[in-house]
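Student: The structure that follows is given in the form of structure tokens.
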């Protein structure tokens, strides 16, 4: 761990880079390190880590269960936010040049960074592993993409890429036999296995090359191994595109293949970080199998995924630490408050939370109530014809709730940005001009937040109308409160748009924004009024027995 800590420290100590996760594997003798960085800082942070690894790791003495060919085996750049895959390719090539020229380490580009089509696949690039490098580097067909075509016994070679988020995922079996795990791995991986004839021998083409039988899963690489630390065999899987094959699909497929062989899947393990969407897909999948509503809070969906995949069987799994979006998320101090603290703070002379945050909060309660009415309708025999509609609406309500909750803190941050702009110096003409420009920019930002809330309030009307018409009649009053909350949220957002527009000098922007906001608030006012009046009429008829 001292070696690992020394390597990762240079990342956390780099300006513009943030270390997110360090996942060491004792039996695999391989550590997965994840960090995020600003575009201009990414290459330097990665280079420094590779440099430190080359100083501390001697590959001539290294053994481990995982395939590898270098002290830094792979270094992929993955676009997270504000960059494209092409940007990541540029970063990969820039890093490769530095590694080759300054450290004398040979290496190859793969996936999107590959300069040769035959080198796109990492498995092909890494074939032969470290032990095969001396001969490989002598082969003109395997001249390195960067660095000298000379074997470096201490560092080996490094593969650098730009790629989509790869999910390293291990599925646990109730056996200690790695051969059984390997057999399943060959069945599921995209590359498959060599075909065998009735005589049990390989089927070959006319040139004597064995024919292959594709595996059951696309964008999937897999191998079986035994992990002494866990006292069981695992199927180690790399999912190279989770939009094609997400973890829950791989888990279910391994389970199916294991059962054919009399084996049981006991759980699974995610190595490194995982995208939020992959966890949500899994949670929704298993909720749907139960016939339940997926229109529940995000945390509940993720917990369903964790339990269904058995992600806590061999190691702790804390979504706040393992989900990449949660690791890089900005703080939400207002949303994280309890109700009393939020209301108490609002009642003081503190400038935030103000009307904009409160308007967003009211709108979020509308989304929550919409989801609640839908969920209270699902599973009721009198509303069976609306079951699918309510499942969809419940999900829509949760999404709206999440968007509006984000705006609670966004409104506060935008106000702080305006105040900070006003505090800029204005002693010289140049300073004054800069201050005016920053104030204008911040004020536009402070206008965009309530405008986005207002426009989203308009989107919330359809699901409210649906639960009012098709939802559980015992919850009709809740649908009415949802309509009132969206009306209030939209009106509050509109007022905040207006007060910010008054401070913007760009009249073309101000006029267009006003027109868009006025059209949205008018629509919300009109439609919410109809919804509320209809609900009041229906409830009054039930209460007093007349129209």
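Student: So which residues in the range 231-253 are part of a loop (DSSP other than H, G, I, E, B) and surrounded by 19 or more Cβ atoms within 10 Å (Cβ to Cβ)?
Tutor: So the first thing to find is which residues in the range 231-253 are part of a loop (DSSP other than H, G, I, E, B), and the list is 231, 240-246.
Scanning the range 231-253 gives 240, 242, 245, 246.
Student: May I pose another question? Out of 330, 277, I need the residue that is more than 19 Å from residue 166 (Cα to Cα) and within 21 Å of the chain's Cα centre (by Cα). Which one?
Tutor: After applying the criteria, what remains is 330.
Student: Quick check on residue 332: is it touching a strand residue (DSSP E or B) at 6+ places or on another chain (Cβ under 9 Å), in a loop (DSSP other than H, G, I, E, B) and closer than 29 Å to residue 392 by Cα?
Tutor: No: the conditions fail for residue 332.
Student: Moving on. Taking the criterion of being more than 24 Å from residue 165 (Cβ to Cβ), part of a helix (DSSP H, G or I) and out of contact with any helix residue (DSSP H, G or I) (no Cβ under 9 Å at 6 or more places or on another chain), would at least one residue in the range 186-194 satisfy it?
Tutor: Scanning the range 186-194, I find at least one residue that is more than 24 Å from residue 165 (Cβ to Cβ), part of a helix (DSSP H, G or I) and out of contact with any helix residue (DSSP H, G or I) (no Cβ under 9 Å at 6 or more places or on another chain), so the answer is yes.
Student: Provide a single number: the residues in the range 98-125 that are assigned to a loop (DSSP other than H, G, I, E, B) and more than 18 Å from residue 58 (Cα to Cα). Can you show your working first?
Tutor: The first filter runs over the range 98-125 and keeps only residues assigned to a loop (DSSP other than H, G, I, E, B), leaving 104-106, 112-116, 120-121.
Now narrow it down to the ones that are more than 18 Å from residue 58 (Cα to Cα): 112-116, 120-121.
Residues meeting the conditions: 7.
Student: In the range 360-411, what count of residues is obtained for those that are out of contact with any helix residue (DSSP H, G or I) (no Cβ under 6 Å at 6 or more places or on another chain) and either assigned to a loop (DSSP other than H, G, I, E, B) or assigned by TED's automatic domain parsing to the domain that holds residue 284 (or both)?
Tutor: 2
Yes/no matrix, rows are residues, columns are (1) touching a residue at least 12 places away in the same chain (Cβ under 8 Å); (2) closer than 30 Å to residue 323 by Cα:
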residue: 133; (1), (2): yes, no
residue: 136; (1), (2): no, no
residue: 141; (1), (2): no, no
residue: 144; (1), (2): yes, no
residue: 174; (1), (2): yes, yes
residue: 183; (1), (2): yes, no
residue: 204; (1), (2): no, no
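Student: Check the range 164-178 and report whether any residue there is modelled with pLDDT under 95, touching a helix residue (DSSP H, G or I) at 6+ places or on another chain (Cβ under 6 Å) and either assigned to a loop (DSSP other than H, G, I, E, B) or surrounded by fewer than 22 Cβ atoms within 10 Å (Cβ to Cβ) (or both).
Tutor: no
Student: Right, another one. Among (1) over 21 Å from residue 64 (Cα atoms); (2) part of a strand (DSSP E or B), where does residue 144 come up short?
Tutor: (2)
Student: Turning to a different aspect of this structure: Are any residues in the range 254-266 surrounded by fewer than 19 Cβ atoms within 10 Å (Cβ to Cβ) and in a strand (DSSP E or B), and if so, which ones?
Tutor: 266, the sole residue that qualifies.
Student: Let me confirm something: among 478, 515, 459, which residue is surrounded by fewer than 19 Cβ atoms within 10 Å (Cβ to Cβ), in contact (Cβ under 8 Å) with a residue 40 or more places away in the chain and in a helix (DSSP H, G or I)? It would help to see each step written out before you state the result.
Tutor: Values: 478 fails: surrounded by fewer than 19 Cβ atoms within 10 Å (Cβ to Cβ); 515 fails: in contact (Cβ under 8 Å) with a residue 40 or more places away in the chain.
Going through 478, 515, 459 in turn, just one is surrounded by fewer than 19 Cβ atoms within 10 Å (Cβ to Cβ), in contact (Cβ under 8 Å) with a residue 40 or more places away in the chain and in a helix (DSSP H, G or I): 459.
The values are calculated or read from the model by the stated rules, or taken from the named source; none is laboratory data. Owing to the predicted nature of the structure, the values given are computational and were not obtained by experimental measurement. Glycine gets a Cβ as well: all are built from the backbone with ideal geometry, and neighbour counts include every protein chain shown.
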